[in-house]
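Let me begin by presenting the structure, written as structure tokens, before commenting on it.
What follows draws every value from the coordinates through simple rules; no lab data is involved. Bear in mind that the values here come from a model prediction, so they are computed numbers and not experimental data. Cβ coordinates were reconstructed from backbone atoms using ideal geometry, including for glycine residues, and neighbour counts include every protein chain displayed.
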Amino acid sequence: MVRDIRSREFTKQKRKTLLVRLGVGLLLLLLLAGGVIWLSLLDRLQIKEIQIFGATVLPASSLEVEIQKELQGKYMWLFPKTNVFLYPQKKITQVVREKFPRTKTIETSVLNNKILKVVVTEREPFALWCNAVPTETEISQCYFLDEDGFVFDHAPQFSGNAYFKYYGLLPFEAPIGSYYLSSTTKFYELSDFVEDTKGMNITPLYINAKSQDNFELFVFGGGKIMFDTQADLMKVAERLSALLKTQNLVPRSGGELLVDYIDLRFGNKMFFKPKLP
């Protein structure tokens, strides 16, 4: 009997101790949460100003407006997004890149606990993507490509060949934000191939894609070179150079092919069709 009474008293004491610990723990948790909320609301820890650096073509004022939108409101109706430790850095980066495709990189940092510093770098025009080869009755709409093959902005109408042009593959209506090729590495190889041909006494004008792997390179004076990017384009360029020299397919003055086409899509077997007189 005595043992049962002692056991019950011990259980009550243990339960009481547990309740006290839970109460203290809950109180500490509430104090901690209150402290965090208080700190997040401190005026001296709020972003008051946005400064944009690196924007030359990009409209700095429009960038600031979009970033300001992302700083509005609170997390869970408690923590302000303007807090220097809590501002939505990743979301700002995502929104700026989506709404301003010319943006190549964006970095954010906080100065003096009140200024959000935003540094952007812009994509530079490398070539053009155009929706169709122009004709006497139709003018093509062109867009700027950067060195990665990314379409980032409308291009004005250029006279002459200020930029090399790429055709095909992309949706005609909305190419901005797309890559010409799914692999940037493949685009580097493609653009290097174009550069290689410039050293072969011919003048490349534009590329027309028949598919993701099959391309036609058109050159000044007429004629085209057909090739497949599944092959090593450095070796393809070497074979093309050897063919042009051994068969005398370009005049010494340079710039024009003396054939209608050269087909390099079959490995070491190369085919060409002479121009009709």
Completion exercise
Interchain or sequence-distant (5+) residues whose placed amide H lies within less than 5 Å of the amide H of ALA55 are VAL120
Fill in the blank from the handout: Which residues qualify? For ASN83, with a placed amide H closer than 5 Å and at least 5 residues away or on another chain, they are ILE47
Handout entry: Alpha-carbon gyration tensor eigenvalues x 5, square-rooted, for the range 45-141, Å
Key = 36, 14, 10
Practice task
Starting with the fewest neighbours, write out ARG44, ARG239 ranked by other beta-carbon atoms found within 10 Å of each beta-carbon.
Solution key: ARG44, ARG239
Completion exercise
Sorted by chain and then number, the residues having a modelled amide H within less than 5 Å of the amide H of TYR166, at least 5 places away or on another chain, are LEU128, TRP129, CYS130, ILE207
Handout entry: Whole-number D in µm² s⁻¹ for the range 147-194, Kirkwood Cα-pair radius fed into Stokes-Einstein, 25 °C, 0.890 mPa s
Key = 206
Completion exercise
Of the listed links LYS224/LYS273; LYS165/LYS198; LYS165/LYS224; LYS69/LYS91; LYS186/LYS273, those spanning more than 21 angstrom between alpha carbons are LYS186/LYS273
Problem - Phi to ³J(HN,Hα) by Karplus 6.51 cos²θ - 1.76 cosθ + 1.60 over the range 52-63, Hz, x for Gly, Pro - result: 9, 10, x, 7, 10, 8, 4, x, 4, 5, 5, 4
Completion exercise
Expressed in Å to one decimal, the Kirkwood Rh of the range 127-274 from all distinct alpha-carbon pairs is 15.8
Problem - Alpha carbon centroid spacing (whole Å) that separates the range 155-184 from the range 80-150 - result: 17
Completion exercise
HN-Hα couplings for the range 105-114 via Karplus (6.51, -1.76, 1.60; θ = phi - 60°), in whole Hz with x for Gly/Pro, come out as 9, 9, 10, 10, 7, 10, 10, 6, 6, 8
